[in-house]
Every structure is written in structure tokens, then in C-alpha cells.
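I have placed the structure first, in the form of C-alpha cells, so that the comments after it can refer back to it.
The values are calculated or read from the model by the stated rules, or taken from the named source; none is laboratory data. This structure is a prediction, so every number in the text was calculated from the model and none was measured. Every residue, glycine as well, gets a Cβ built from its backbone with ideal geometry; the counts of neighbours run over all protein chains shown. We work out accessible area using only protein heavy atoms, side chains counted, and drop any ligands, DNA or RNA first. Shrake-Rupley method; radii C 1.70, N 1.55, O 1.52, S 1.80 Å.
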Amino acid sequence: GFGGILHPTLDDKINSLHKAIASLAALPKSEDSQEEHVLENFFSSRTIRKLILDCPNFASILWEEALKGKSELWSHGHSCKVISAFLESSDSKVQKLAKKELQPLIDNGTLKKQKSREEATQ
């Protein structure tokens, strides 16, 4: 980042927060747990989705640590909004991260391709 603008410890804190969310997301999908998984919870899935869209850095941490190789598992229910966010990102690096793994899920109809914001407003 840009040295002097953000206090470096704030950058560190944000980064640790991103990593903490990613490690929660990386927990296995468990049937018997009392706690709803962070990717399946109505509210947290929306928050994570927004973070993916707003913060490419978070998106790549989350993909590498929690979602890569597991997107089929998360492509149903509330968590599919999280997965779809990678395709809706305006950052091409974020789209590229997930595209190879998600394209087959779009092709077979598991994931609905969301319209980008531009398409949606036309």
C-alpha cells in the first residue's frame, strides 16, 4: 500500500480480520453443529459477499484459504451468493481467480450467472 496514509497497524489489523474471516469460512460444512456456518448464515454471507465486491485483497485471501477446490460445495443456498460475488467483482484479478473453477458450475446450471451491475441497469 501507500506508506504514510494509512497507519501501518491499521493495515495489519484489516489484514488479520480478513484472515480471521477466511479461516472461519474454511471450517468444514458441518451438519450437527449448533452454529450456522459463516458462509451459510443469512447475514454473514451478505457481509462476506459485500467484502468480496469491495475489497479484492480480501477476495483473494478468502478464495485461496477457504473456497478454492470447494466452490461446488458452497454453490447452494446462501453461500452461493458468496461464490457468485467473485464473478460479479469489478476487479478482473478476482474474476480470474475463480473463473476456471466456477465456469463448469455455470455451464451445468448449478450457479446462475448474475448480471453485472452495468447489465442489470440497461
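Structure summary
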item	result
Tally, over region 77-108, of residues that are in contact (Cβ under 8 Å) with a residue 40 or more places away in the chain and closer than 24 Å to Asp11 by Cα	2
Residue identified as modelled with pLDDT of 95 or more, basic (Lys, Arg) and open to solvent by 40 Å² or more (accessible area, probe 1.4 Å) among Lys13, Lys96, Lys29	Lys96
Residue within region 26-41 that is assigned to a helix (DSSP H, G or I) and at negative phi present	no
Failed item, numbered, when Trp74 is tested on (1) part of a helix (DSSP H, G or I); (2) touching a residue at least 12 places away in the same chain (Cβ under 8 Å)	(1)
The one condition in (1) of a type outside the set (Ser, Thr, Tyr); (2) in contact with a Lys or Arg (Cβ under 8 Å, 6 or more places away or on another chain); (3) more than 24 Å from Ile106 (Cβ to Cβ) that Leu17 fails to fulfil	(2)
Pairs with Cβ under 9 Å, 6+ apart, first in region 35-49 and exposed (fewer than 14 other Cβ atoms within 10 Å of the Cβ), second acidic (Asp, Glu)	Phe42/Glu36
Those residues of region 50-76 which are farther than 22 Å from Asp12 by Cα, open to solvent by less than 40 Å² (accessible area, probe 1.4 Å) and of a type in the set (A, V, I, L, M), in sequence order	Leu67
Residues (under 11 Å from the mean Cα position of the chain (by Cα) and more than 21 Å from Gly77 (Cβ to Cβ)) located in region 19-62	Asp54, Cys55, Pro56, Asn57, Phe58, Ser60, Ile61
